[in-house]
Amino acid sequence: MKRYRFLCLLGVLLLTGCNSSKKKTSKGEYTAPLKYGVFLGCDSSSVNKIKNYPNVAIDLDSFNTNDISTLKQNDCFIYAYLSVGSLEKYCSYYETYKDLTFMDYENWPDERWVDVSNSSWQEHILSEAKRLKGLGADGIFMDNFDVYYIASEVYQGSDINKEDIYQGCLKMLNDLSSTGMKLMINSGTDFLERMKDENRPELSKIKAYAQECIFSKIDDYENNVFSRQIAEEKEYLISVVEFMRYYGDVLFIEYTKDNTLKKEIQEYCDEYNYHYYISEIVDLKI
């Protein structure tokens, strides 16, 4: 079964708090006050918009110290983006770790999956987290723990051992927790399921869970073509949401231009006290 659990989140335009009191607009419509914003494709030019969100996920390296001060002054809780399982070619440390990569990242030609069982990569991730904390991060937006799924179900080579990848993921999760920052994971469903099945204590270190494409799916990344998620995949992702909700906030990240589907997403999140973001473009910037 094809699963959209390893999408790379570049940024979020709007993520609304579904359980907050609602305000009436000048047109008589009701919108939920904003609670979360994930702006991974943004930079300093967007600070004045980003600062209106109580919780923001950003690429800290795209912002300067004045930007961070502005966010802090507006009581923004900052999640710093960190890819634990993949390496992008534009990263300053790409040449250092490129030999640890083992497979291209589908739909993202400038990114590759990394052998996270390697101790030098694990040390790098912990070092990066500490650096981000020093820059002002309150939490870490952990992306690409889906490397466990890739190693287990997708990769055809014999040089990557899925059990080693799993242990590497556990090691990095423990290391990131040791920084004292709040941890939010984006997807990583197979990794989460295995921890649940094994009753791993590491699962409780995750305090928020974001999941993409539960109600919607991306058909064409370049032309922003979307459709409804297939029923089997939607059911599977909801089952993960249902156990992850006990560890903290749940954030739905959806891609659609369909107003009917948007309403379904909003009503579902309102009913179950989840948070949601709906975008009409894949390359998310504000």
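The values are calculated or read from the model by the stated rules, or taken from the named source; none is laboratory data. Since the model is a prediction, treat every value here as computed from it, not as a measurement. Quick reminder, even Gly has a Cβ in these numbers, built from the backbone with ideal geometry, and neighbours come from all protein chains shown.
Among the residues making up segment 141-158, those that are outside any helix (DSSP H, G or I) and either in contact with a helix residue (DSSP H, G or I) (Cβ under 6 Å, 6 or more places away or on another chain) or farther than 19 Å from ALA208 by Cβ (or both) are PHE145, TYR155, GLN156, GLY157, SER158. How many residues does segment 248-276 contain that are in contact with a strand residue (DSSP E or B) (Cβ under 7 Å, 6 or more places away or on another chain) and assigned to a helix (DSSP H, G or I)? So the answer is 5.
Considering only residues in segment 189-218 that are of a type outside the set (A, V, I, L, M, F, W, C) and part of a strand (DSSP E or B), the one that is surrounded by the fewest Cβ atoms within 10 Å (Cβ to Cβ) turns out to be LYS217. Scanning segment 75-103 for residues that are over 24 Å from PHE191 (Cβ atoms) and of a type in the set (Gly, Ala, Ser) returns a single hit, SER92. Would you be able to say whether some residue in segment 159-171 is among the acidic types (Asp, Glu), assigned to a helix (DSSP H, G or I) and free of Cβ contacts under 8 Å to residues at least 12 places away in the same chain? Within segment 159-171, one or more residues are among the acidic types (Asp, Glu), assigned to a helix (DSSP H, G or I) and free of Cβ contacts under 8 Å to residues at least 12 places away in the same chain. Is it the case that THR70 is buried (at least 16 other Cβ atoms within 10 Å of the Cβ) and within 19 Å of ALA137 (Cα to Cα)? Criteria met by THR70. Scanning segment 253-286 for residues that are modelled with pLDDT of 90 or more and of a type in the set (Ser, Thr, Tyr) returns THR256, THR260, TYR268, TYR272, TYR274.
Identify all residues within segment 186-229 that are within 17 Å of MET244 (Cα to Cα), over 20 Å from the mean Cα position of the chain (by Cα) and polar (S, T, N, Q); write none if there are none. Write out each step before concluding.
Taking segment 186-229 and keeping what is within 17 Å of MET244 (Cα to Cα), we get 186-214.
Those left that are additionally over 20 Å from the mean Cα position of the chain (by Cα): 197-201.
Correct list: ASN199 only.
Residues that are out of contact with any Pro (no Cβ under 7 Å at 6 or more places or on another chain), buried (at least 22 other Cβ atoms within 10 Å of the Cβ) and either at pLDDT below 95 or not aromatic (Phe, Trp, Tyr) (or both) occur at least once in segment 87-98.
Results for (1) among the aliphatic types (A, V, I, L, M); (2) in contact with a strand residue (DSSP E or B) (Cβ under 7 Å, 6 or more places away or on another chain); (3) modelled with pLDDT under 95, shown as yes or no for each residue.
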| residue | (1), (2), (3) |
| --- | --- |
| TYR155 | no, yes, no |
| TYR166 | no, no, no |
| ALA210 | yes, yes, no |
| PHE226 | no, yes, no |
| GLN229 | no, yes, no |
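Within segment 122-137, restricting attention to residues that are hydrophobic (A, V, I, L, M, F, W, C) and under 17 Å from CYS91 (Cα atoms), the residue that is surrounded by the fewest Cβ atoms within 10 Å (Cβ to Cβ) is LEU126. Among the residues of segment 230-247, those that are over 17 Å from the mean Cα position of the chain (by Cα) and touching a residue at least 24 places away in the same chain (Cβ under 8 Å) comprise GLU232, GLU233, TYR236, PHE243. Scanning segment 172-188 for residues that are closer than 15 Å to ASN118 by Cβ and either outside any helix (DSSP H, G or I) or acidic (Asp, Glu) (or both) turns up just one, ASP175. Considering segment 106-132, and only residues there that are modelled with pLDDT of 95 or more and part of a strand (DSSP E or B), the residue that is nearest to ILE150 (Cα to Cα) turns out to be TRP113.
Scanning segment 99-121 for residues that are buried (at least 17 other Cβ atoms within 10 Å of the Cβ) and among the small types (Gly, Ala, Ser) turns up just one, SER117. Residues that are small (Gly, Ala, Ser), at pLDDT below 85 and surrounded by fewer than 14 Cβ atoms within 10 Å (Cβ to Cβ) do not occur anywhere in segment 42-58.
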